[in-house]
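For reference, the structure discussed in these notes is given below.
The values are calculated or read from the model by the stated rules, or taken from the named source; none is laboratory data. Since this is a predicted model, take the numbers as computed values, not measurements. For neighbour counting, all protein chains shown are included, and Cβ atoms are generated from backbone atoms with ideal geometry for every residue, glycine included. These area figures cover heavy atoms from the full protein model, side chains too; ligands, DNA and RNA do not enter into them. Shrake-Rupley method; radii C 1.70, N 1.55, O 1.52, S 1.80 Å.
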Amino acid sequence: MADAATKEKVRRLTSEPEKVAAASKARGRQLIVGGIVTMFATILLVGYLSPFGFMAVTSLKNIEIISDTSAPILPATPETFEFDGEQVPVLAVPIDGEVRSLALVQPGRESSVFVDPANLDAGFIEWEGRWRQLDASYSLDPQWDNYSTAWTTLDLTRILFNTFAIAFIGVVGTLASSVLVAYGFSRFRFPLKKTLFIVLISTIILPRFVTLVPMFAFFTWIGWNGTWLPLLVPHFFANAYNIFLLRQYFLTIPKALDEAAIIDGANPLRTLWSVILPNAKPALVAVTLFHFFFAWNDFFEPLIYLAAKPELQPISVAMQQFNALYAQQPHLIQATALLGMALPVLLFFAAQKVFLQGASLAGVSK
């Protein structure tokens, strides 16, 4: 027995270093894998956000900066210095292995005279070489007035009001109709329930453009063309995708809550209002944001119904017309695009937590 215990003790002592080494190797592999994943995620993130960075930088330039091929990426203009009542250029001059920003006061073919704008007491500095081969010295000069110009030119106050009104009224109609239909499919029994739900969901695969012509003809016939009604009224008749999302979320709410409300004397509508909706806030926020972003970005239908009514057009149509008129001024186009993106981006980040919770749980049924 003593020999067996001794052997077991020796075996444990010899296996401990091996376990430590194995654990160390495992941690090393985890660090390497984590580093590789983080690196690729960073590369993808930078690649995804780089167009937005380009938009922001371009929106702060003017046409002269954009046309200057030697200008840096950031919005910067060539520096100048007033000397003897004249504006002279400031150039990057290499002197004694150091590049200095000096003002050119006497240009020459093979030698020129400069002064140091930061130290005029140093006097004139003669430099041997061709000054035309020197690079200009740039200073950061963001053109913030591009945004005010774009705002007033596009009349963005009216455009944002039109867009927000269309989106808000559409959200109200979508929520009201989709909630009622989803509540019926998730809580009540009626004939052909499964068949009707399958038919409803099958409409998701029907392209919008299939019904575009007959709906346009119908709305024109009843005199709605040139108004917001064709953009608002259809949303009061629910949407298959929103119904499916809400139904799946309603199924995750225990029916015991409904039964408790019924025992307390609540009718179906009171149960919906007091029990279902308070527990379905994530799904409701998800549907709200989905429709808001859809209405904000919708272009084709507002174009065909409001082409002759510029005072009623939303931001998608107005920005397209603005881009056509100012195609030679990309700084104004990018400034307008950023102004149009600001509200949806802020809204998404403000409701990001609830939105993602609703989008992830809406497809889970109990």
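Please state the relative contact order of the chain as a whole percent: Cα pairs under 8 Å, 6+ residues apart?
That works out to 19 percent.
Considering only Leu102, Leu347, Leu206, give the residue with the highest GNM mean-square fluctuation for the chain, with springs between Cα atoms whenever their separation is below 10 Å.
So, out of Leu102, Leu347, Leu206, the one fluctuating most is Leu206.
Note the full-extension length gain between Gln30 and Ile125 as 0.36 nm times their separation in residues minus their Cα-Cα distance, in nm to one decimal.
Extra length available between Gln30 and Ile125 comes to 28.2 nm.
Which distance in nm do the two modelled labels at Met341 and Ser50 give, with both placed 7 Å along the Cα-to-Cβ direction?
1.5
Give the residue from Phe219, Pro234, Trp273 lying farthest towards the positive end of the charge dipole for region 165-303; charges sit on Cβ (+1 for Lys and Arg, -1 for Asp and Glu) and the dipole is referred to the Cα centre.
Trp273
Relative to the present Cα-Cα distance, how much length would full extension add between Glu64 and Ser139 at 0.36 nm per residue of separation?
Once the chain is fully extended between Glu64 and Ser139, it gains 25.6 nm.
What's the FRET efficiency of Thr211 with Leu74 using the Cβ-Cβ distance as r and R₀ = 56 Å, to the nearest 0.05?
On the way: r = 48 Å, r/R0 = 0.86.
So, using R0 = 56 Å, E works out to roughly 0.70.
Under the definition of Cα pairs under 8 Å and six or more residues apart, what whole-number percent is the relative contact order of region 229-334? Let's see the in-between values first.
Details: 41 pairs, mean separation 22.6, N = 106.
Relative contact order of region 229-334: 21 percent.
Whose amide H sits under 5 Å from the amide H of Gln106, counting only residues 5 or more places off or on another chain, with H placed in the peptide plane?
Val113
Cα atoms only: what Rg and Dmax, in Å, come out for region 79-130?
Rg, Dmax (Cα atoms, Å): 10.3, 31.
Could you state the accessible area per residue of region 21-121 in Å², with a 1.4 Å probe and every protein chain left in place?
Values: 6810 Å² over 101 residues.
Using a 1.4 Å probe on heavy atoms only, each residue of region 21-121 averages 67 Å².
Could you size up the charge dipole of the chain around its Cα centre, putting +1 on the beta carbon of Lys and Arg and -1 on that of Asp and Glu, and report it in debye to the nearest 20?
3380
When we measure straight from the Cα of Lys309, which aspartates and glutamates land under 20 angstrom away, once same-chain ones fewer than 8 places off are left out?
Cα-Cα hits under 20 Å: Asp155, Asp298, Glu301.
Using 1/(1 + (r/R0)^6) with R0 = 45 angstrom and r between the beta carbons of Ser148 and Ile198, what's the FRET efficiency to the nearest 0.05?
0.25
Ignoring ligands, DNA and RNA, what percent of the accessible area of region 187-335 is carbon or sulfur (1.4 Å)? Display every interim value, and only then the final one.
Numbers: 5930 of 8590 Å².
C and S fraction of accessible area: 69 percent.
Based only on the alpha carbon positions, what is the Kirkwood hydrodynamic radius of the chain, in angstrom?
One over the average 1/r among Cα pairs gives 27.6 Å for the chain.
To the nearest 20 debye, what is the magnitude of the charge dipole of region 253-328 about its Cα centre, counting +1 on the Cβ of each Lys and Arg and -1 on the Cβ of each Asp and Glu?
It comes to approximately 60 debye.
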